[in-house]
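For reference, the structure discussed in these notes is given below.
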Amino acid sequence: MAKLPKDPMQLAKAIGDQATGQTESIPAPTQDELRRVMSALGKVGGKKGGKARAKALSKSERVKIAKKAAKARWK
């Protein structure tokens, strides 16, 4: 039985490999391990997510979203 890696990215790859049948079975990850992996992945994507989304939207779309947010905030 393979030992789970401590590095979140290696753990994510190991889980993916197991899910697609590319490696031997490893023990199911615990909730703590899954939380750690998902947290690390969220930090990687989260740093660029807002900027990438803003870049992809037109000015009118950004204005529409901002007005909707302000309306919800001051409801």
Options [x] 119; [y] 140; [z] 93 - which one matches volume of the Cα convex hull per residue in Å³ as calculated here: [y]
Quick check: pseudo-label points 7 Å beyond the Cα along Cα→Cβ at residue 41 and residue 6, how many nm apart are they? 2.2
Classify segment 32-75: rounded, prolate or oblate, from the alpha-carbon gyration tensor (a ≥ b ≥ c, eigenvalue square roots; a/c under 1.5 rounded; otherwise prolate if a/b is larger than b/c)? oblate
On a 0 to 90° scale, report how tilted helix 59-73 is relative to the longest principal axis of the chain, with both axes built from alpha carbons and the result rounded to the nearest 10. 90
Could you work out how far apart the two model spin labels at residue 61 and residue 48 are, taking each label as a point 7 Å from the Cα in the direction of the beta carbon, and quote it in nm? 1.8
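Values quoted throughout were computed directly from the atomic coordinates according to the rules given, and no laboratory measurement underlies them. From a predicted model like this one, the values you see are computed outputs, not experimental measurements. Glycine also receives a Cβ, built like all others from the backbone with ideal geometry; neighbour counts cover every protein chain displayed.
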